[in-house]
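A.B. asks: Following this message is one structure expressed as structure tokens.
The values are calculated or read from the model by the stated rules, or taken from the named source; none is laboratory data. Worth saying up front: this structure is predicted, and the values here are computed from it rather than measured. Cβ sites come from the backbone with ideal geometry, for glycine too, and all protein chains shown count toward neighbours. Areas reflect the complete protein model, heavy atoms only, side chains present, ligands, DNA and RNA absent. Shrake-Rupley method; radii C 1.70, N 1.55, O 1.52, S 1.80 Å.
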Amino acid sequence: MTAVTAPLPVSGARHLAGTGALLRLALRRDRLMLPLWVGVVGLMVVSGSGSIETLYDTPEARAQLAQSMSANSSLRSLYGPVFGESVGALVAWRFGVFAATLAAIMSLIIVVRHTREEEETGRQELLSSAMVGRRAPLTAALLAALIADAALTLIITAGLAGRGTEGALALGLSVGLTGMVFATLAAIVAQATESARLAKGTTSAVLGLAFVLRAAGDAGSADGGSVLTWLSPLGWAEHVRAFAGERWWVLLLLAAAVLAQGFAAYELTGRRDVGMSFVPARPGPAEGRLATAGGLAWRLQRGGLLGWTLGFLVAGLVFGGIVEGAADLVGDNERAREIFERLGGAQALEEAFLAAMMGMFGMVASLFAVGAVLRLHSEETSQRAEPVLANAVGRLRWAAGHLVVAFAGSVLVLAAGGLGMYLSYGKDFGPVMGAAAVQLPAVWLLGAIAVLLHGAFPRAAVAAWGVAGLSLAIGWIGPALNLPQSVMNLSPFGHLPKLPGADPAWTPVVTLLGLAVVLVAAGLAGLRRRDVITS
């Protein structure tokens with residue numbers, strides 16, 4: 001039920017009372033997540049400068065790359081158009097859109113976590129009973145996002161200043177302001193929806209739409225002048241044109257969106273009660289339809305599974321369409337070929353590219369598996385698990401429903417990615433799907449680590465995100481940085497055979513599966529013995 005109240009006639013200072021304390025609390029709670037996000041995204045962009053300079057070490061090589069990329073509509077849809085031939089311009093082309101997208105994801109997570117999630121769990125009501133202003137929680141959440149985006153801006157600017165101070169600042173500001181656009185959007189959505197999960201899903205859907213609009217516009221226009229590109233905040237960030245005759249006025253569009261959405265969020269937060277939403281929840285059926293714990297788990301997670309599956313299908317269609325363009329991306333560059341071989345194996349270039357993309361799909365799918373497992377943790381900490389377990393439902397049966405979604409759902413997600421890649425690539429159905437399937441042991445192992453942490457060490461359960469993030473960072477950045485194999489082997493994906501094309505090595509596959517089974521068993525044993533988390 002929606003509860004809307006008129007704003008109280010009090011001073012602005014009272015509205016913001018307690019903001020400092022809430023900001024310190026938010027930063028303390030995110031003391032691991034924020035440095036990891038900022039560090040990984042910043043390192044990705046800054047390290048890309050050295051990689052591009054090493055790969056394309058002459059003006060002629062960079063000019064040839066820029067010309068090839070501008071002529072390839074599939075690659076333009078993925079990375080955007082190339083606006084210059086300098087190292088800095090190629091860094092902005094190759095990493096700018098993805099850095100802005102990751103900054104947006106980080107920012108929306110921060111804001112929803114410290115607004116709607118706090119209200120959903122009841123913690124905000126407890127805090128609001130003290131001397132906390134009505135707009136203080138929202139202000140603290142936006143300030144936390146601003147600090148993270150500002151840190152990312154500084155890292156990019158400082159790391160690329162040697163390529164040109166103005167270009168580095170333009171790229172850093174475009175990434176940071178894009179993050180704040182989606183932070184303020186999340187601040188609005190969090191007040192319109194009833195749950196943190198719905199708020200994150202809705203804001204992420206808008207981000208996905210923005211990416212699709214930008215990709216469609218860039219695919220149809222070599223200079224990025226399509227109307228579709230200008231309809232997307234990611235397109236605005238792209239059109240700043242860092243290191244290629246900066247368009248500083250485009251940053252004003254991003255800043256205006258931040259201010260307008262921030263103003264709307266502040267107006268909304270003064271007109272509703274804590275815990276309420278502007279869009280009322282639909283009433284449930286008169287009689288319950290969930291007869292089993294597995295049915296409840298499916299009901300809770302089916303939306304997320306559908307979103308991940310559709311996302312992987314679309315990503316497969318996009319990446320499959322650029323497989324044949326991999327030769328244009330590499331050309332005669334031996335260093336670029338070496339990186340693809342480290343990513344996808346020493347086979348034919350198209351097969352190596354397919355293997356590399358499937359490896360990336362596997363690493364991203366592990367985030368779904370970890371998130372689905374840790375839904376158990378959120379159900380406990382939000383005190384929704386206790387009423388379920390108070391009935392004739394054992395802990396293992398309660399956990400089994402979520403684990404089935406996590407482990408079987410990862411099969412569906414990867415299959416969707418493989419199917420999409422096959423449909424757009426147009427050949428080798430069996431090898432492509434086999435390359436998707438071989439990622440499962442590593443995905444399941446990371447999910448099993450989440451089971452172990454939740455079951456045996458529940459206070460450290462969120463560390464599963466760190467393990468998955470580290471695996472993603474190693475697999476994504478490691479080949480370009482030429483990290484030693486001992487470091488690459490820290491990720492379970494470093495032990496998998498590079499399919500299609502390479503000779504399959506089944507020993508590491510079986511070993512990873514065995515470790516996953518052992519860790520799941522240990523986690524479930526710990527869950528049976530320990531107390532249920534109530535706070």
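A.B. asks: Might you check whether a residue that is of a type outside the set (Gly, Ala, Ser), under 19 Å from the mean Cα position of the chain (by Cα) and in a helix (DSSP H, G or I) occurs anywhere in the stretch 163-177?
C.D. replies: Looking through the stretch 163-177, at least one residue is of a type outside the set (Gly, Ala, Ser), under 19 Å from the mean Cα position of the chain (by Cα) and in a helix (DSSP H, G or I).
A.B. asks: Further question: Can you confirm whether the stretch 102-116 contains a residue that is in a helix (DSSP H, G or I), among the polar types (S, T, N, Q) and at pLDDT 85 or above?
C.D. replies: Yes, that holds for at least one residue.
A.B. asks: Also: Scan the stretch 508-527 and give yes if some residue there is open to solvent by less than 50 Å² (accessible area, probe 1.4 Å) and among the hydroxyl-bearing types (Ser, Thr, Tyr), otherwise no.
C.D. replies: No, there is no match, as no residue in the stretch 508-527 is open to solvent by less than 50 Å² (accessible area, probe 1.4 Å) and among the hydroxyl-bearing types (Ser, Thr, Tyr).
A.B. asks: Let me ask something additional. Any residue that is crowded, with 20+ Cβ neighbours inside 10 Å and either closer than 22 Å to Ala237 by Cα or under 21 Å from the mean Cα position of the chain (by Cα) (or both) - is there at least one of those in the stretch 51-58?
C.D. replies: Within the stretch 51-58, one or more residues are crowded, with 20+ Cβ neighbours inside 10 Å and either closer than 22 Å to Ala237 by Cα or under 21 Å from the mean Cα position of the chain (by Cα) (or both).
A.B. asks: Please tell me if Ser221 is over 23 Å from the mean Cα position of the chain (by Cα), under 12 Å from Arg76 (Cα atoms) and open to solvent by less than 40 Å² (accessible area, probe 1.4 Å).
C.D. replies: Yes: the conditions hold for Ser221.
A.B. asks: So which residues in the stretch 364-394 are of a type outside the set (Val, Ile, Thr), open to solvent by 30 Å² or more (accessible area, probe 1.4 Å) and at pLDDT 85 or above?
C.D. replies: Leu367, His377 - these are the residues of the stretch 364-394 that are of a type outside the set (Val, Ile, Thr), open to solvent by 30 Å² or more (accessible area, probe 1.4 Å) and at pLDDT 85 or above.
A.B. asks: Of the residues Phe493, Phe429, Phe457, only one is open to solvent by less than 30 Å² (accessible area, probe 1.4 Å) and either without any contact (Cβ under 8 Å) to a residue 24 or more places away in the chain or aromatic (Phe, Trp, Tyr) (or both); which?
C.D. replies: Going through Phe493, Phe429, Phe457 in turn, the sole match is Phe493.
A.B. asks: In contact (Cβ under 8 Å) with a residue 12 or more places away in the chain and open to solvent by less than 20 Å² (accessible area, probe 1.4 Å), is that true of Ala437?
C.D. replies: no
A.B. asks: Just to check your reading of the model, which residue among Leu142, Leu138 is part of a helix (DSSP H, G or I), at pLDDT 90 or above, touching a helix residue (DSSP H, G or I) at 6+ places or on another chain (Cβ under 9 Å) and of a type outside the set (Lys, Arg)?
C.D. replies: Just one listed residue meets the conditions, Leu142.
A.B. asks: Go through the stretch 362-396 residue by residue and tally those that are over 20 Å from the mean Cα position of the chain (by Cα) and of a type in the set (S, T, N, Q).
C.D. replies: Final tally of qualifying residues: 4.
A.B. asks: Right, another one. Hey, can you tell me all the residues within the stretch 415-426 that are in a helix (DSSP H, G or I) and open to solvent by 30 Å² or more (accessible area, probe 1.4 Å)?
C.D. replies: Scanning the stretch 415-426 gives Ala415, Leu419, Tyr422, Leu423, Ser424.
A.B. asks: Just give me the residues in the stretch 380-414 being assigned to a helix (DSSP H, G or I) and without any contact (Cβ under 8 Å) to a residue 40 or more places away in the chain, in sequence order.
C.D. replies: Once the filter is applied, which keeps residues that are assigned to a helix (DSSP H, G or I) and without any contact (Cβ under 8 Å) to a residue 40 or more places away in the chain, the stretch 380-414 yields Pro387, Ala408, Val411.
A.B. asks: Kindly indicate whether Ala222 is of a type outside the set (Phe, Trp, Tyr), touching a helix residue (DSSP H, G or I) at 6+ places or on another chain (Cβ under 9 Å) and closer than 20 Å to Phe243 by Cβ.
C.D. replies: yes
A.B. asks: Note down all Cβ pairs under 7 Å where the first residue falls in the stretch 137-148 and is among the β-branched types (Val, Ile, Thr), the second is not in a helix (DSSP H, G or I), and they're at least six residues apart or on different chains.
C.D. replies: Short answer, once both residue conditions are applied: Thr139/Leu16.
Residues are listed down the side, and each one gets a yes or a no for (1) under 19 Å from the mean Cα position of the chain (by Cα); (2) among the acidic types (Asp, Glu); (3) surrounded by fewer than 19 Cβ atoms within 10 Å (Cβ to Cβ); (4) not in a helix (DSSP H, G or I):
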{"site": "Ala186", "(1), (2), (3), (4)": "yes, no, no, no"}
{"site": "Ala190", "(1), (2), (3), (4)": "yes, no, no, no"}
{"site": "Leu198", "(1), (2), (3), (4)": "yes, no, no, no"}
{"site": "Gly208", "(1), (2), (3), (4)": "yes, no, yes, no"}
{"site": "Gly225", "(1), (2), (3), (4)": "no, no, yes, yes"}
{"site": "Leu228", "(1), (2), (3), (4)": "no, no, yes, no"}
{"site": "Gly245", "(1), (2), (3), (4)": "no, no, yes, yes"}
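A.B. asks: Right, here's the next one. Let me confirm something: among Ile110, Ile105, which residue is open to solvent by 20 Å² or more (accessible area, probe 1.4 Å) and touching a residue at least 60 places away in the same chain (Cβ under 8 Å)?
C.D. replies: The unique qualifying residue is Ile105.
A.B. asks: Go over the candidates Ala399, Ala448, Ala406 one by one and state the one that is more than 24 Å from the chain's Cα centre (by Cα), within 27 Å of Trp298 (Cα to Cα) and open to solvent by less than 10 Å² (accessible area, probe 1.4 Å).
C.D. replies: Matching residue, one of Ala399, Ala448, Ala406: Ala399.
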